[in-house]
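Report on the following structure.
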Amino acid sequence: MKPLLLILAFVIAVSCAVKNPNNFDLKTIQQKNPEISSLENKILKVTPNSENQSLTVWEGTDPELWKNANYLVCEVYHENDFSGILNVEFYRNEKQTENIVTQSGSVAGDKTETPRMAAKIGVLPKLKTKVIFPLEHLNAQEIFMPRFPRQLKGTVLGNRMKPEETSKVIIRFGPRDEKHFKPEFEIAAVYLTNELPEPFPPVEKPVVDELGQWAEKEWPGKIQNENELKTLLENQLAAADSSSFPDNWSKYGGWKKKKFKATGYFRTQNDGTRWWLVDPEGFAFVSVGVDCIGNNASGVVSGQEDLFKWLPDSTDAVYKEGFSDRGKTVQADFHRFNLMRVFGSEWKEKWEKITSGQIRGFGINTIGNWSNIQYARRSEIPYVLPLSRFPSTEIKLFRDFPDVFAAEYANNAKDFAQQLNEFKDDKYLIGYFLRNEPTWAFGSNDVAFEMFATAQLSESKMEFARWLAEKYGSIDEFNIQWNLKLGGFEAFPKQVFEEYPSAIAKADFWKFSEILVSKYVNVPCDEVEKVDANHLNLGMRYAWMSSDLLYKAGERFDVFSINGYGNPGPPETAEIARISGKPVMIGEFHHGATDRGLPASGIQGALTQAERGKAYRYYVEQGLVRPELIGMHYFQWLDQPVFGRFDGENYNIGFLDICNQPYKELVDAAKLTHLKMYEVADGKEKPFNEVIEKIPSIHY
């Protein structure tokens, strides 16, 4: 195999060029894309004129070129005030598959063509970055790409393909609209390589200041030094004791003006007009919460230590709890460092007091998913519980989907349920989520078909063979309907399918996918119900309703939960309630802006912090008038770190920033909504009805 290590140094001030047959020539790229690019001093400058305009990087037929490479690399830089988004799309010469739909509802490609696979990758402003795409991700088995130095989050969606099947690669650049976002990008090289490229030299100016803030930018309210930080946190501590729920709320945050039968635990109730939660005292309850309420906002420092103005010694007695390991990476947490600076060894206790005061003062009645559970249990504020270690098996059928007909799955489900023992008598616990956003459900994926991507045997394949034998009776009839030539049903589990062999086969695959999903849900639900009969089963927090397979779970959940990044209001929920027969809870939503200390908005965007406040009011109050919605939880309590959390997200989506400073515009707006939320839910007050300007979202 000939070497493919092809590195061209990035050119900003100094440039050099290395000719190599596996480098995608920038001059050729520019000639293919003259409407959006120009070549200046060996740098390709890209200025997209529309959101969907693309840059064709490579087009042709050369299986060996792709077969012998491991990574596609694009060396990129941009001066925009917001993060750049690279949508890297892979095509193959065939009729294209279904649209690739992302969590925000956007569709990959454009009206004329649909990619086979598409990766969305974030790039920080004013920072030379080698965007690296591992070609193994074309197998569609993993949604999330690994972190590389300086590179932000990368997500991959689509239908599996082999690298050597690539017929075209294009890149789309975002965000882009005519009024507010007109990005420009510089590309120094695009190439294939066997090995990971060497990192760029260290930066000359830090990207992150000593308080964990974005050093490149100033904004109103930015904390300038340690004295300002100390004043902020000490004032918050002093004010904490004076905060409380509104007078017409129960101690659990329920509404004293509407009462049902009390059972001592949270439950659901349909009063003939709408669904409600009912608190342990019997009062009507709508769960309005915030996720990730905890004293952590860590991000990756491994491989990018040069970005920081200051990092403490990880063995220092004061700061060591601000460091953590995640896999092979070291993470640092400036939110914790800031608390430690001011409160020393008592930082955890002080944070808990401050936070309980803020939650009650903001009118929040639920500690949402991913929060610090030990704190939640001490706080005497209702909370939800994310169960961990959802049952799995050594063999995976597709992505994270386990071999559900294996005895291993049933045994692991029993162990999974035992974690509820310590919570089953807790009256402040609303209920538990079985798991979060299973990746097999990212897209309309036919799980039964996808498990035949390889010849790997499984108990689920064996069960499929038995099911087919029972349906068709004879192998001859089966072969006719499936367009196969098998000698017997025992040969079926060893087959590999790259395409559906017939239309009837496609229908059978989908029907067995329904059987797989039912088994996937029923086995753990049976076990958790045996351990904890007191609390609500809140479901799986699906990322979005990507296919009808997700409804197969509805009959076993007490509440059907989805993460709902709708704009301007919640996504469709009436259909979910109609099909499932259950009330609905939204586990995540948010709006972020780029006018303060972070360059990315998250899955839904707003122009300013004031617009974030309006967006929050509209979303929650419009949701409250829906009779099926019994809860909405905002994602999340704290901003993400500018240098990227474990997976590279760095969104302005917090109620508070990295210094624990609330976003006043958002908090003030949220309080207005929370103080009248029960009246809105009960139809006694009209909901807020001002829709903010829709802008491109900056997320990856």
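The values are calculated or read from the model by the stated rules, or taken from the named source; none is laboratory data. Since we're looking at a predicted model, the values are computed, not measured. We place every Cβ from the backbone using ideal geometry, glycine too, and count neighbours over all the protein chains shown. All accessible areas refer to the heavy atoms of the entire protein, side chains included, with ligands and DNA or RNA removed. Shrake-Rupley method; radii C 1.70, N 1.55, O 1.52, S 1.80 Å.
Residue 337 sits among other residues whose Cβ lies under 12 Å from its own Cβ, and their net charge, with Lys and Arg +1 and Asp and Glu -1, is -4. Can you work out the FRET efficiency for the pair residue 93 and residue 444, with r the C-beta to C-beta distance and R0 = 30 Å, to the nearest 0.05? Step by step, r from the Cβ atoms, then E = 0.85. Can you compute the FRET efficiency between residue 41 and residue 685 using 1/(1 + (r/R0)^6), with r the Cβ-Cβ distance and R0 = 35 Å? Round to the nearest 0.05. Between residue 41 and residue 685 the formula returns 0.05. Across the chain, the mean sequence separation of Cα contacts (distance under 8 Å, 6 or more residues apart), normalised by length, yields a relative contact order of 14 percent. Which value does Rg/Rh take for the range 320-396 over its C-alpha atoms, Rh per Kirkwood? For the range 320-396, the value is 1.07.
For the range 190-230, applying the loop criterion from DSSP together with a ceiling of 13 other beta carbons within 10 Å to the GluC sites (Glu not before Pro) yields 195, 204, 218.
Starting from the residue with the highest accessible area, list 292, 659 in decreasing order, probe 1.4 Å.
Working: 292 30, 659 0 Å².
Heavy-atom accessible area, descending, gives 292, 659.
If you build the Cα gyration tensor of the range 410-518 and take the root of 5 times each eigenvalue, what three semi-axes come out, in whole angstrom, biggest first?
Semi-axes, largest first: 37, 15, 12 Å.
Antiparallel DSSP bridges in the chain: what percent, to the nearest 5?
On the way: 69 of 93 bridges.
Close to 75 percent.
Orientation-averaged projection of the range 592-700 equals 7.1 nm² [convex hull of Cα atoms, one quarter of hull surface area].
Please work out the Cα convex hull volume for the range 469-541 and give it in Å³ per residue.
Working: hull volume 9.8 nm³, N = 73.
About 134 Å³ per residue, rounded to a whole number.
Taking all Cα-Cα distances within the range 117-229, those exceeding 24 Å account for 43%.
In plain terms, the chain from residue 61 to residue 529 could stretch by 162.9 nm, reckoned as 0.36 nm per residue minus the Cα-Cα distance. Kirkwood analysis of the Cα pair distances in the range 109-174 returns a hydrodynamic radius of 13.0 Å. The loop-placed trypsin sites (Lys or Arg not before Pro) in the range 471-535, going by DSSP, that have at most 15 neighbouring Cβ atoms within 10 Å of their Cβ come out as 485. Its alpha carbons give the range 186-251 an Rg and a Dmax of 22.8, 65 Å. FRET efficiency for the pair residue 410 and residue 470, taken as 1/(1 + (r/R0)^6) with r the Cβ-Cβ distance and R0 = 35 Å, rounds to 0.95. Summary value for the range 475-611: 15 percent relative contact order, contacts being C-alpha pairs under 8 angstrom separated by 6+ residues. Summarising the label geometry, the points placed 7 Å from Cα in the beta-carbon direction at residue 491 and residue 142 lie 3.6 nm from one another. In the calculated pair distance distribution of the chain, what percentage of Cα-Cα distances lie above 43 Å? Tail of the P(r) past 43 Å holds 29 percent of the pairs. Full extension of the segment from residue 328 to residue 579, taken as 0.36 nm per residue of separation minus the current Cα-Cα distance, would add 86.0 nm. Here the label points at residue 70 and residue 394, each 7 Å from Cα along the C-beta direction, are separated by 2.6 nm in the simple model.
Starting from the exponent 0.38 and prefactor 2.2 Å, build the expected Rg for the range 333-471 from its residue count and divide its actual Cα Rg by it.
On the way: Rg = 21.5 Å, N = 139, 2.2 N^0.38 = 14.3 Å.
Normalised Rg, Cα atoms only: 1.50.
May I ask for the percentage of alpha-carbon pairs in the range 203-358 that lie more than 22 Å from each other?
Working: 7028 of 12090 pairs.
That fraction is 58 percent.
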